[in-house]
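The values are calculated or read from the model by the stated rules, or taken from the named source; none is laboratory data. Every value quoted in this text rests on a predicted model; they were computed, and no experiment measured them. Reconstructed Cβ throughout: ideal geometry from the backbone, glycine too, with neighbour counts over all protein chains shown. Just the protein is used for accessible areas: all its heavy atoms, side chains included, with ligands, DNA and RNA removed. Shrake-Rupley method; radii C 1.70, N 1.55, O 1.52, S 1.80 Å.
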Amino acid sequence: MKAIRVERLGPPDVMELQDVPAPTPGPGEVRIEVEAVGINFADVLSVAGEYLTRTRVPYTPGMEFAGIVESLGEGVTGVQVGQRVAALGGSGALARYSVVNAAGLIPVPENLSGAQAAAFPVSYFTAYHGLKTLGRGVEGEWVLVQAAAGALGTASIQLARAMGMHVIALASTDEKLALARDLGADVTILQDDPDRVQKVRDAAGGKGVPLILEVVGGKRFQESLDMAAPQGRIIVIGNASREQANLRPVELMKRNLTVTGLWLTSLMNDRAVTMQAAQALAGLVGSGKVTPQVGPTYALADSARAFQDLLDRKTTGKVIIEP
Ligand code: NDP
């Protein structure tokens, strides 16, 4: 079968299309014919060797995908051949077939296409945990969403609005801000507007924003502290700038700020938290209140270009690769 292989870490062009044997499902595993792979910023960092966990080469990237169950390993129950599922594995999705543990499969609501299903798990679970589980956002509260037209950003806007929160969206272009408005953002501000800190504070009533979903990091992290309201919560979800941020704890004391880290992979180990999020999200997606935003779609052979476009900030919604 065709698959993307990475033999040395580096920029997206280290990814090669190769012919490899199709994987065989072991006990408790299923083999899925991949319909669509959702590409996350984490995939780009993983290929570069800059992710939170060490990348071991050679490997096939791709952690989030949707497809049709093609065969079952020994002892698998509760899953049918022919069923559409989404899955969140560590890697291996950029291929015709991928094998994952059956316990990690995510049922797909009937109203979602394969691409929409592949655009769902990472962004929506992360947005939910940022807004609710860790962010403790409540109806009527303001939230600041950075990189608002991206995969996580669009999910965050939709979920925040569905929870009755008010959204201030930051993004790098007018087109991206227009998408944020279409999805329900109340206030949109260019990420490089020289007055952005004051504008964000004013939009939230002058005192700053009570909840910030921080995904840029680096020098911008200080700005998030400046944009936060007294007792504000800053949820650190990403570091798209790939720069180090300086955090002086004394500064948090002055205005009673809270900075909380969020990594979906480790939160998924908490079954109760995951089930609670899954239930809330199933209701919102099943009823059509939130719709995963499918972004540009690429063929498997164009995977390196897809990764580079994501890195170059050219994309909106979830980048999809169809093997
Ligand atoms: P996106 O689709 O949001 O794409 C990344 C976006 O980041 C770009 O479009 C760009 O938006 C913005 N950005 C800001 N600064 C930079 C920069 N210096 N270089 C490149 N992009 C920049 O990707 P994802 O939805 O996959 O991820 C968004 C962020 O959330 C990432 O930091 C990612 O690591 C994080 N994340 C973390 C998770 C976790 O479990 N902790 C789970 C999911 C995502 P703009 O042009 O508008 O600035």
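How many residues, within the stretch 221-242, are of a type in the set (D, E, K, R), out of contact with any strand residue (DSSP E or B) (no Cβ under 8 Å at 6 or more places or on another chain) and at pLDDT 95 or above?
Total meeting the criteria: 2.
Table: residues versus (1) open to solvent by 50 Å² or more (accessible area, probe 1.4 Å); (2) within 23 Å of Ser156 (Cα to Cα); (3) among the small types (Gly, Ala, Ser).
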site: Ser241; (1), (2), (3): no, yes, yes
site: Val250; (1), (2), (3): yes, no, no
site: Thr274; (1), (2), (3): no, yes, no
site: Ala277; (1), (2), (3): no, yes, yes
site: Gly288; (1), (2), (3): no, yes, yes
site: Ala301; (1), (2), (3): yes, no, yes
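Residues checked against (1) under 18 Å from Gly38 (Cβ atoms); (2) assigned by TED's automatic domain parsing to the domain that holds Phe65; (3) in contact with a Lys or Arg (Cβ under 6 Å, 6 or more places away or on another chain); (4) part of a helix (DSSP H, G or I):
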position: Val273; (1), (2), (3), (4): no, no, no, yes
position: Ala278; (1), (2), (3), (4): yes, no, no, yes
position: Leu281; (1), (2), (3), (4): yes, no, no, yes
position: Tyr298; (1), (2), (3), (4): yes, yes, no, no
position: Ser303; (1), (2), (3), (4): yes, yes, no, yes
position: Arg313; (1), (2), (3), (4): yes, yes, no, no
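Please enumerate the residues belonging to the stretch 144-170 that are open to solvent by less than 10 Å² (accessible area, probe 1.4 Å), within 14 Å of the ligand (Cβ to nearest atom) and in a strand (DSSP E or B).
Leu144, Val145, Ile168, Ala169, Leu170
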